[in-house]
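*Asks:* Could you have a look at this structure, given as structure tokens, before my questions?
Read-outs: derived from the displayed coordinates by stated rules, not from any lab. Owing to the predicted nature of the structure, the values given are computational and were not obtained by experimental measurement. Cβ placement follows ideal geometry from the backbone for every residue including glycine, while neighbour counts extend to all protein chains displayed.
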Amino acid sequence: ETISVGDLGHRMGIKANEIIAKLMGLGVMATVNQALDVDTAILVASDFGYDVEQAMTEEIGVEQLDLQEAGGVAVSRSPVITVMGHVDHGKTSILDAIRKTDVADGEAGGITQHIGAYHVKSEAGDVTFVDTPGHAAFTEMRSRGAQVTDLVILVVAADDGVMEQTREAIHHAQAAGVPILVAVNKIDKDNADPERVKRELSDLDLAPEEWGGQTIFVEMSAKNNIGIDSLMENIQLMAEMMELKADPERKARGRVVEAKLDKGRGAVATVLIQEGTIRTGDHFVVGQFSGKVRALLNDKGMPIKSAGPSIPVEVQGITGVPSAGDEFVVVTDEKMAKNVAQARTLKARESELAAGSKVSLDTLFEKLSEGDVQELRIVLRADVQGTLEAFASAAEKLSTEEVKVKILHEGTGTMTDSDVLLASASEAIIIGFNVRPSGKVKELASRENVDMRTYDVIYHALDDITAAMVGMLAPDF
Ligand code: GDP
């Protein structure tokens, strides 16, 4: 796929001989009609101050390359936060309490709409919450390559301590490489024991600063409105350290947080803008769909004309319903939007046919030989705690120079949807002892191409892993 020097100049509004001179500087002798490949075209364009989407240019061919003038400097943006924790530990209550601090709440009759994300302006600073239900959504997005969350707030009730879903949340956040801030909630309760929470979390590599660790702990009571300000301040503190920046001058790009088909309005999607500014009338590509922004609504259901980085907006005017995690990109014109969407639909069909590229015990050796994997990651389930421990320590001992065996997450009880999504996003396999997955979980695993195996005895599983590592696993019929 190529573009001529003349065409490239025309697209950028730059004379061909200036491009020829630039190419000479790069050691390339070219004429006006000379064909340039993708890499050279992108290099030259960027020298003239254009940003080019490499990936998209490859999808649609260089003759249509998407040029946009590189914007100004990056400016700070608000942090994007996901609240996680065990059920009933107070996630919803904390979010509600934070919402009440929103100084923009009284603006022109706005009522918070449930669109999967919302933005709060507080005295301490602005924050954006992604409010998709459970860890599953967080990891499902990640399995699509989407990372929208800058920071996880881990809620742990001071009267209950670390529970199953607390550990699960930690593993999901850690697997995604997202920093964690701990909110020790319900300190108003008589049997509250915040010190115990600190001890339990320290054992999970989340030690508070006062104990020489690096994790910020905020003690609070969502019910009695204690510690909300401190929570908001600490969020800003961590955000400042992360130096979150984006360029509002560019064409917008972001990620779909939630999408649905609305009877009156057609396909609508909540898009969290990550770079640039979205405006009504913009042409865009989102997943396999395209469109033109017909209307934008903010999280209070009010129509707006534009939105910048870290702001969630509801977009109308999409040709279909995209999936959570899909990338949203504003492009130059309708033709480009349609072409990219079309190219993606074709590619999706191809890769559906060629499915099965995930890590499995059957393909482990092959992938090891190709240098594709260095780690065999396992999500582990068993009926009893003792089995978990025995298997985990035996399995980790199987590690060799070439491949490290790593337990990503473990728990008693049967496999869950969330296990499958974690495995899918992290290229892991699932092993269970004396547990049987439900039909629904099995179906999800096969859809996500996750290798899920059940065993009755530990050494059978260890044998299979050993065999897989040396490429001698008997085929499973
Ligand atoms: P979620 O499941 O994590 O979203 O938890 P909720 O926010 O729904 O809270 C579960 C229960 O705990 C509710 O009955 C809340 O009223 C209660 N709760 C939440 N925060 C506090 C708190 O700080 N102190 C006390 N005593 N109760 C709380």
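*Asks:* Cα convex hull of the stretch 165-247: how many Å³ per residue?
*Replies:* Roughly 121 Å³ of hull volume per residue.
*Asks:* Near residue 292, which lysines are there with a Cα under 24 Å away, not counting those fewer than 8 places off in the same chain?
*Replies:* Partners within reach: 251, 260, 263, 300, 305, 335, 338, 347.
*Asks:* Further, regarding this structure: Gap in Å between the Cα centre of the stretch 445-470 and the Cα centre of the stretch 138-165?
*Replies:* Spelled out, the Cα-based centre of one part sits 27 Å from the other.
*Asks:* Say each of residue 440 and residue 390 gets a label point 7 Å from the Cα, pointing the same way as Cα to Cβ; how far apart are those two points in nm?
*Replies:* About 3.2 nm separates the two model spin labels.
*Asks:* Classify the chain: rounded, prolate or oblate, from the alpha-carbon gyration tensor (a ≥ b ≥ c, eigenvalue square roots; a/c under 1.5 rounded; otherwise prolate if a/b is larger than b/c)?
*Replies:* Details: a/c = 1.99, a/b = 1.24, b/c = 1.60.
Oblate.
*Asks:* A further question follows. Any lysines with Cα under 19 Å of the residue 367 Cα? List them, leaving off those in the same chain fewer than 8 positions away.
*Replies:* Output for residue 367: 358, 404, 406.
*Asks:* Take every DSSP beta bridge whose two residues both sit in the chain, then give the antiparallel share in percent to the nearest 5.
*Replies:* 55
*Asks:* Give me, ordered by chain and number, the residues 5 or more places off residue 307 or on other chains with an amide H under 5 Å from its own placed amide H.
*Replies:* 278
*Asks:* Another question, if that's okay. Please give the FRET efficiency for residue 211 paired with residue 241, using the beta carbon to beta carbon distance and R0 = 22 Å, rounded to the nearest 0.05. It would help to have the intermediate numbers written out before the result.
*Replies:* On the way: r = 20 Å, r/R0 = 0.89.
FRET efficiency, residue 211 to residue 241: 0.65.
*Asks:* What distance in nm separates the simple spin-label points at residue 279 and residue 87, each placed 7 Å from Cα in the Cβ direction?
*Replies:* 4.8
*Asks:* Also, I was wondering about something else. Report the extension gain between residue 302 and residue 121 in nm, rounded to one decimal, defined as 0.36 nm multiplied by the number of residues separating them, less their alpha carbon distance.
*Replies:* Values: separation 181, 0.36 × 181 = 65.16 nm, distance 1.60 nm.
Full extension from residue 302 to residue 121 adds 63.6 nm.
*Asks:* Something else now. Kindly identify the stretch 292-355 as rounded, prolate or oblate by the Cα gyration tensor criterion: order the square roots of the eigenvalues as a ≥ b ≥ c, call it rounded if a/c is under 1.5, otherwise compare a/b with b/c, prolate if a/b is larger, else oblate.
*Replies:* prolate
*Asks:* Moving on to the next point. Want the number for residue 203 to residue 75: 0.36 nm per residue separation, take away the alpha-carbon distance, what's left?
*Replies:* 42.3 nm
*Asks:* If R₀ is 45 angstrom, what is the calculated FRET efficiency for the pair residue 190 and residue 447, using the beta carbon separation as r and rounding to 0.05?
*Replies:* The value I calculate is 0.45.
*Asks:* Using 7 Å Cα-to-Cβ label points, what is the residue 399/residue 58 separation (nm, one decimal)?
*Replies:* 3.2
*Asks:* Please give the residues of the stretch 277-297, grouped as numeric ranges, whose backbone N is less than 20 Å from a label point set 7 Å along the Cα-to-Cβ vector of residue 345.
*Replies:* Answer for this model: 283-294.
*Asks:* Divide by every residue of the chain the summed helix terms, -39500 (n - 2.57) for each DSSP H run of at least 4, and state the resulting mean residue ellipticity at 222 nm, rounded to the nearest 500 deg cm²/dmol. Before the final figure, lay out each step's value.
*Replies:* Values: 15 runs with 161 residues, N = 477.
Per the formula, -10000 deg cm²/dmol.
*Asks:* Now for a different question. Is the C-alpha gyration tensor of the stretch 402-469 telling us rounded, prolate or oblate? Criteria: a/c under 1.5 is rounded; beyond that, a/b larger than b/c is prolate, otherwise oblate.
*Replies:* oblate
*Asks:* Show which aspartates and glutamates lie in cross-link reach of residue 397 when reach means a straight Cα distance below 15 angstrom and same-chain residues fewer than eight apart are skipped.
*Replies:* 375, 389, 463, 464
*Asks:* Sort 73-84, 440-451 by the packing proxy (mean of other Cβ within 10 Å over each peptide's residues), most packed first.
*Replies:* By packing density, highest mean first, the sequence is 73-84, 440-451.
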